[in-house]
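The values are calculated or read from the model by the stated rules, or taken from the named source; none is laboratory data. Predicted model only: the values in this text are computed from it and were never measured. Cβ placement follows ideal geometry from the backbone for every residue including glycine, while neighbour counts extend to all protein chains displayed.
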Amino acid sequence: MGVVNVTPDSFSDGGLWFDEATAIRHGLELVEEGADLVDVGGESTRPGAARVSLEEELARVVPVIRALAGEGVAVSVDTMRAEVAKAAVEAGALLVNDVSGGLADPVMPQVVAATGVPYVVMHWRGHSHDMDKRAVYEDVVAEVCEELAKRVDFVLAEGVSESQIVLDPGLGFAKQTEHNWQLLAGMDRLHELGHPLIIGASRKRFLGRTLADQDGTPRPFSRSDDATLAVTALAARAGAWCVRVHRVGPNADAVRVAAAWKQGGDG
Ligand code: PMM
């Protein structure tokens, strides 16, 4: 999954694809580089980010989704709002990626149920403006599994079917550096939830913190692409259904290498 953030302020690529034509061109480039899905979002979720209005979010994403879908691209919409999800699917989106797992907009699961498209339910504890203070866990893998299982029960009760659900541990969302690594190391337990998994590690702060200089200065995201690639290869080998990344070409290669390695081992 390649990312097109139609935002002025996303963490690693804010402003780069903000105008409509540039966003569409970028989406097409990602497909050429090997993306199976292009994730279009109009609201930044970087730590501390404020929300955008519904109207602004619709204006940012719907034309880009319509244009990309019109070119035959498989598009997902990255939104926490049911109205945006509905408009996006009407414009041709084939998947709804809700980083709040239905918590931000309780109507979302019903709307997604009605569309029948796959639904990414991510682990989330609250909006970005203060999510860091919610990064408190005794056993992060157990708690994320438990909280995701509750979200699954909720969305099923709202009419979403089992086969629509994709889960995501929500790396970087109310997680300290070590929590992200523990979740990656605990993918086996996430698999036990019984749904395909998405991993979104691309250019996130925890990579830069792990690769900090000797004096403790975190590596900037612009120099964490190789670390993203390493996570992609390992996540693919550990059975991730999808990785959400900003630079598609090398990550698509990493996925193919991991698949070949797996086939070599499993016959
Ligand atoms: N991360 C971001 C945005 N959307 N969606 C899913 N499913 N998983 C993620 O980890 C995720 C997401 C934030 O990343 P960006 O602002 O750098 O694109």
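Exactly one residue among Val31, Val64, Val75 is under 29 Å from Ala149 (Cβ atoms) and modelled with pLDDT of 95 or more, and that residue is Val75.
Restricted to the stretch 203-243, and to residues there that are touching a Ser or Thr at 6+ places or on another chain (Cβ under 6 Å) and within 17 Å of Pro47 (Cβ to Cβ), the residue that is nearest to the ligand (Cβ to nearest atom) is Arg203.
Yes/no matrix, rows are residues, columns are (1) without any contact (Cβ under 8 Å) to a residue 40 or more places away in the chain; (2) within 15 Å of the ligand (Cβ to nearest atom); (3) part of a helix (DSSP H, G or I):
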| site | (1), (2), (3) |
| --- | --- |
| His129 | no, yes, yes |
| Asp132 | no, yes, yes |
| Glu138 | yes, no, no |
| Val141 | no, no, yes |
| Val144 | no, yes, yes |
| Leu148 | no, yes, yes |
| Arg151 | no, yes, yes |
| Val160 | no, no, no |
| Val166 | no, yes, no |
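On inspection, Val111 passes the criterion of being without any contact (Cβ under 8 Å) to a residue 40 or more places away in the chain and β-branched (Val, Ile, Thr).
Quick grid of which residues meet (1) of a type in the set (A, V, I, L, M, F, W, C); (2) more than 25 Å from Leu95 (Cβ to Cβ):
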position	(1), (2)
Gly208	no, yes
Leu234	yes, no
Cys242	yes, no
Ala260	yes, yes
Gln263	no, yes
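For the stretch 60-79, the criterion of being at positive phi, in contact with a His (Cβ under 7 Å, 6 or more places away or on another chain) and either of a type outside the set (A, V, I, L, M, F, W, C) or part of a helix (DSSP H, G or I) (or both) is satisfied by no residue at all.
Looking across the stretch 203-221 at every residue that is in a helix (DSSP H, G or I) and of a type in the set (Lys, Arg), the one that is surrounded by the most Cβ atoms within 10 Å (Cβ to Cβ) is identified as Arg205. Report whether or not Val155 is under 18 Å from Asp188 (Cβ atoms) and within 16 Å of the ligand (Cβ to nearest atom). Here the answer is no, as Val155 does not meet what is asked.
What about Ser224, is it crowded, with 23+ Cβ neighbours inside 10 Å, more than 28 Å from Val117 (Cα to Cα) and in contact with a helix residue (DSSP H, G or I) (Cβ under 7 Å, 6 or more places away or on another chain)? When the stated conditions are applied, Ser224 passes them. If only residues of the stretch 75-115 that are out of contact with any helix residue (DSSP H, G or I) (no Cβ under 7 Å at 6 or more places or on another chain) and not hydrophobic (A, V, I, L, M, F, W, C) are counted, the one that is farthest from Glu55 (Cα to Cα) is Gln110. Please enumerate the residues belonging to the stretch 165-193 that are over 20 Å from Gly239 (Cβ atoms) and of a type in the set (A, V, I, L, M). The answer is Ala174, and nothing else. Across the stretch 188-202, the number of residues qualifying as acidic (Asp, Glu) and either within 13 Å of the ligand (Cβ to nearest atom) or in a helix (DSSP H, G or I) (or both) comes to 1. Hey, Gly200 hits all of (1) out of contact with any strand residue (DSSP E or B) (no Cβ under 8 Å at 6 or more places or on another chain); (2) at pLDDT 95 or above but one; which does it fall short on? Failed condition: (1). Scanning the stretch 39-54 for residues that are away from the ligand (no atom under 13 Å from the Cβ) and small (Gly, Ala, Ser) yields Ala50, Ser53.
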